[in-house]
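Report on the following structure.
The values are calculated or read from the model by the stated rules, or taken from the named source; none is laboratory data. As the structure is a computational prediction, the values presented were derived from the model and not from experiment. Neighbour counts run over all protein chains shown; Cβ positions are idealised from the backbone, glycine included. To get the accessible areas, we keep the full protein, side chains included, count just its heavy atoms, and leave off ligands, DNA and RNA. Shrake-Rupley method; radii C 1.70, N 1.55, O 1.52, S 1.80 Å.
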Amino acid sequence: MTGTARILLIEDEAKLGSSIQKELSEQGYELEWAYDGRTAESLFRAGRFDLLLVDINLPHVNGLELCRRFRQTNAYVPIIMITALGELGDKMEAFQSGADDYLVKPFHLTELLARVKVFLKRSQIDRYYEDQLQVGDLEIDFASKSVQRAGQRVTLSAKEFALLALLARSRGRVVSKQEIAEKVWDLDLGASTNTIEVYINFLRNKIDKPFSQKLIHTKPGFGYFLKANV
């Protein structure tokens, strides 16, 4: 277990926050707890965190606005929203604000812990692979988790980067939705077919839409692949 990971919890419900703090601390994680958006922003700017747990309805600055501000400073730190707002529109707004995952209250702490482990584990995996990959004019640097296309920086969330990394490392092979769910969402943890399609669309908007040559392709009924010159 990685006991050195630092987590920022942003939650104004004292009972829930206390339960999360107790669970994660017992697992060996180092946790800072902010009760409102203003305090959370100060802690984020002052320290280094490996993962953020963010409620949406917060005093002073709400969680969606916090996500947008965090992403201006750090494009890759994983952000898991924890909120009572469970409609599809709420989830889409959270993803568009920069969230990587979305957990609806009430939830079991074991589910939250599983998702935390998924994101922290993924951040350690890249060292087992090559440092860089190039597909056409798309360049992926796994050490710095940076992406460029035609010399222009492309900003991705942690989940988007994980999905792009899977497609790139498959070297043109078609990757099924089931494989994406297992490898990007860790054994179908919260990954519906719709969620995968949403993230493929996010990637296309950032990787392909600004350019004439498309790199992300669909093989209907099978899955997706990343390839130049198709």
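Can you show me the helix-derived [θ] at 222 nm for the chain, built from DSSP H runs with n ≥ 4 at -39,500 (n - 2.57) apiece and divided by the number of residues, rounded to the nearest 500.
Values: 8 runs with 92 residues, N = 230.
-12500 deg cm²/dmol, from helical runs alone.
For the chain, the longest principal axis of the Cα atoms and the long axis of helix 109-125 meet at an angle of about 50 degrees.
Please work out the average accessible area per residue across the chain, using the 1.4 Å probe convention, and give it in Å².
Numbers: 11090 Å² over 230 residues.
Dividing the accessible area of the chain by its residue count gives 48 Å².
Note on the chain: with neighbouring protein chains present and a 1.4 Å probe, carbon and sulfur make up 48 percent of its accessible heavy-atom surface. Most simply put, the range 46-202 has about 60% antiparallel DSSP beta bridges, counting only bridges with both residues inside it.
Toward the positive end of the charge dipole of the chain, with +1 on the Cβ of Lys and Arg and -1 on the Cβ of Asp and Glu, the farthest Cα among HIS108, ILE207, ILE79 is that of ILE207. Please tell me which of these pairs span more than 21 angstrom C-alpha to C-alpha: LYS121/LYS183; LYS121/LYS159; LYS159/LYS183; LYS206/LYS227; LYS15/LYS159? Long pairs (Cα-Cα over 21 Å): LYS15/LYS159.
For the chain, the ratio of Cα radius of gyration to the globular rule of thumb 2.2 N^0.38 Å stands at 1.01.
Charged neighbours of LYS206, selected by a Cβ distance under 10 Å, balance to +1 (K, R count +1; D, E count -1).
Between 0 and 90 degrees, the angle of helix 37-46 with respect to the longest Cα principal axis of the chain falls at about 70 degrees.
On the beta carbon distance between LEU109 and GLU139, with R0 = 35 Å, the FRET formula returns roughly 0.30. Cross-link partners of LYS91 among aspartates and glutamates, defined as those whose alpha carbon lies under 12 angstrom from its own and excluding same-chain residues fewer than eight positions apart: ASP100, ASP101. Can you grab the distance from the C-alpha centre of the range 3-21 to the C-alpha centre of the range 90-124, Å, no decimals? Taking the Cα centre of each part, the range 3-21 and the range 90-124 sit 13 Å apart.
Over all distinct Cα pairs, what is the inverse of the mean 1/r for the range 16-126, reported as the Kirkwood hydrodynamic radius in Å?
Mean inverse Cα-Cα distance, inverted, gives 14.3 Å.
Rounded to the nearest 10 degrees, the inclination of helix 193-203 to the longest alpha-carbon principal axis of the chain is 70 degrees.
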